[in-house]
Each structure stands twice: as structure tokens, then as C-alpha cells.
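Read-outs throughout are calculated quantities, based only on the coordinates presented, and are distinct from any laboratory measurement. On a predicted model such as this, the values are computed, not experimentally measured, just so you know. Note that we place each Cβ from the backbone using ideal geometry, even for glycine, and neighbour counts take in every protein chain shown.
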């Protein structure tokens, strides 16, 4: 089975999120820990801005969990830049044992899943898992330099500036990780890099179906089933694919990319990027779970496993999706404010 049911159900101790100015204007603005006023973070390049962003996220998550960096046994993380340099250089600065991961925009769920397995099996007490993206660095690597002003097709999405991190621990909190499902690579035959929602939807369908079969639940058992960044078109395709599998996604289904922006922002199909599910999970979702407003949530982070090299060779875009099931257990939550990021402060 692709699903691992965790025997000890480790706790998600706390989470932390930062987003950019544009994301901070959206529907979830009151849930993020920090909204940056300057998305350069006073760095000379966008790539260094992304690196600094992730450093602030990881340190913020650790502090918000009432821990010190020295209390963390491992850092699980990755990002979208070549050779996951944002994560690697963050690990260098914090001097943490580092397990670098890459599942494109599915990296948040992958990192939480592996961190939970480590804690569940007594291999670690406290593990931090996180990722982020930066719109400008992603554009430069995957598409076109911003100064070219290229037009976007209607199927395109907007890579968010932001991210999040979670601390997985054996210390009690309101939220436990119940089960994780590692997805298979599924290729729908989509070759358009501006239509990644369609490329990822079949992988999301495959993972959700397998997870529900393996844990013996239906979609109605969840307060929320949340995909990572399929966007509007990808979400519609997923709903259709799930209906063919006799699984109905109702009003309890949503997508992080659709939740990130409002209708006034020209983002076409919605948000995308590894930081999309990371920031939504570690803000809105954790606060709803911690308060008991959600009892059970299935996070399914989605990723398009393409690169500039495969695009130049005319390859199609494989998709991947990893799932993490979270449940509310009613212990007293850890909840505090932090002061690490540069920008507008939000209550933690």
C-alpha cells in the first residue's frame, strides 16, 4: 500500500507562514503570520530573497513551537530552484542536519510525511519541515525574465511569494498526523508548461483514491480535502476524474491556489508553487484545526515534475501528489507571536 498509518500519531506542534505583498491582500490575509512589505527582503537578487524568506520561515516555526534551533533533530525541506539551493543554504545557516527533498510543488506534504515517520518511529523528537517559493525567481528559472513582459495564456497560474513550515514532534498539541500517502508519478500527456493544473490533476486523483481506500474513509469523512495548487482548471478536472472513480468531492473540497487570491487580482487560474500549500496549511488550516473548527483534514500537495531541460526536449509533464491526514485531538495548542521576518506583523 502507498499509505502508512502512523502508530503513535505524532503531533504537529505548530506552524508558521510568510507571504508576499500581493498574497497578503487576498482572502487569507488575516491568517498569515507575516505579510512582507518588500518582497526583496533587502537582498540584491530574487534568489537570495527566496533564501532569506525560507530562513525566516524555518526560524519562525521553531520559535512559535517554543523550541530553539538546537532542539531540532532534522530539517526536511526543498524548493523549486535548481539543486534546491534555498533549502540547502538555509540548512547551512542554521547548522541543522538536513534531508533535502524535491517533489516540485508537492514538497510540503512530502516533507511533513517523512518528518512524521521519523518521529513516529522514535528516530527524532522534533523535526521541522518546510518550503517556499518566490514569484520572481521562479519566473526567471522556468519561464521568462520579468522585464520581457510576456503575456500569459488563460490557463496560466501565478507562483506565489511565500511559504510555511511545520514542527512535527512527540510533544502534545491539538493536531496529530494520522496517516500519509506517497503518490505515484502520473503523466496525463500535457506538454504545455502554462497548463500545469491539468498536468497535476490525475496524480491528485490517484493519491486521493488510494489514500481513502487504504484508510477506509470516504470524502464525506473530512471537514476539508485540500489540494496544493491545481488552480481553477485543474480542480475542475480533478472533480471530474474523481467522479469517474465513484468518489464525490463536495463542498468540503478546495484548492490552495484557488484560496490564495481574490477576483480583483489578475492571476488567471490561481496560485501555484511549493509555497502555496505550505503557506495555506501553516496559516488558515492549522488555526482552524487547532481551534477544533476542523476535526479532520486531508492535505494533498501537488507537483509538476518538469524542468527547463525537459521542456526544451519536448517532453510531457509528469505529476505527483503526496497526502497527509491531520486530525484534531483537543490538547492545548501552542500559540505565540514571532518577530523574525521583515514586514507587517500578524498575530501567530
Mean shadow area (nm²) of the C-alpha convex hull around the stretch 104-158 is 4.9 nm²
Average projected area [Cα convex hull, the stretch 144-211], square nanometres = 7.5 nm²
Can you give the % of DSSP beta bridges in the stretch 175-328 that are antiparallel, to the nearest 5?
-> 70 percent
Protection proxy (average C-beta count within 10 Å per residue), highest first, orders 99-110, 37-48 as 99-110, 37-48
Kirkwood-based Rg over Rh for the stretch 1-92 (C-alpha set), two decimals?
-> 1.02
Between residue 310 and residue 170, the two model label points (7 Å from Cα along the beta-carbon direction) sit apart by a distance in nm of 3.8 nm
Can you give me the relative contact order of the chain as a percent, contacts being Cα pairs under 8 Å and 6 or more apart?
-> 28 percent
Please sort 146-155, 78-87 by packing, taking for each peptide the average over its residues of neighbouring beta carbons within 10 angstrom, highest first.
-> 78-87, 146-155
Arrange the peptides 58-69, 13-24, 165-176 so that the one whose residues have, on average, the most other Cβ atoms within 10 Å appears first.
-> 13-24, 165-176, 58-69
Give me the percent of DSSP beta bridges within the chain that run antiparallel, rounded to the nearest 5.
-> 65 percent
Of the listed values (1) 0.94; (2) 1.04; (3) 0.97, grab the one calculated as Rg/Rh (Cα atoms, Kirkwood Rh) from the structure here.
-> (1)
The simple spin-label model distance between residue 244 and residue 92, using points 7 Å out along Cα→Cβ, in nm, is 4.6 nm
The stretch 175-328 - Kirkwood radius from inverse mean 1/r over Cα pairs (Å) = 15.6 Å
Relative contact order for the stretch 175-328, counting Cα pairs under 8 Å that sit 6 or more residues apart, in percent | 39 percent
Take every DSSP beta bridge with both residues inside the stretch 3-171 and express the antiparallel ones as a percent of the total, to the nearest 5.
-> 60 percent
Roughly what would the spin-label model give for residue 219 and residue 43, points 7 Å off Cα along C-beta, in nm?
-> 3.9 nm
